[in-house]
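The values are calculated or read from the model by the stated rules, or taken from the named source; none is laboratory data. Everything numeric in this text was worked out from a predicted model, so none of it was measured. Here the Cβ is made from the backbone with ideal geometry for all residues, glycine too, and neighbour counts use every protein chain on show.
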Amino acid sequence: MSQVAVIATDELQQQLDDSTVRIVDCSVRMGRPPHDCPTMFFHKSHIPGAQFLDLDNLRNHSSNLPFMLPSEKLFSDTMKRLNIKKTDKVVLYDTGSMQFFGYRAAWMFEAMGHPNTFVLNGGFAKWVKENKPIESTAPTSKQAQ
């Protein structure tokens, strides 16, 4: 794997209105109780325009191991549902301090041939600490232009 590109929070903030930039929250809550849903946390607070990528479900369902690489079809179907194209710039982040799942998703995108993937430097925690804008509503997928 090549080195994953990182994008600064200031740079991403300047690109929030760019229709070719897709922002994706890849947060996973390990060891959570059954009522603790990462999607609910996403809808409460996320970067404007972000979409949620459910890594608990975007995986190889025939493996007993968590987070194994999904089939190309499952990945492709998920990208279509999120309206993410190979021509888009994809910025991945999570709410963890080490961005483990942001980097995990970046590896997955690279393995599936997506050429323009970045991980947000410092993730959502840094974004919030810097008082960058956040949303609390469920965004709709950006329409293809």
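Structure summary
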| quantity | calculated |
| --- | --- |
| Count - residues of the range 70-120 that are loosely packed, with under 15 Cβ neighbours inside 10 Å, on the phi > 0 side of the Ramachandran plot and either without any contact (Cβ under 8 Å) to a residue 40 or more places away in the chain or not polar (S, T, N, Q) (or both) | 1 |
| Any hit, the range 130-142, residues being in contact with a helix residue (DSSP H, G or I) (Cβ under 6 Å, 6 or more places away or on another chain), under 26 Å from ASP10 (Cβ atoms) and at pLDDT 90 or above | yes |
| Extreme residue, nearest to LEU53 (Cα to Cα), among residues of the range 78-102 that are part of a helix (DSSP H, G or I) and modelled with pLDDT of 90 or more | ARG81 |
| The range 1-34 - residue that is among the aliphatic types (A, V, I, L, M), surrounded by fewer than 16 Cβ atoms within 10 Å (Cβ to Cβ) and at pLDDT below 95 and, of those, nearest to PRO133 (Cα to Cα) | ALA5 |
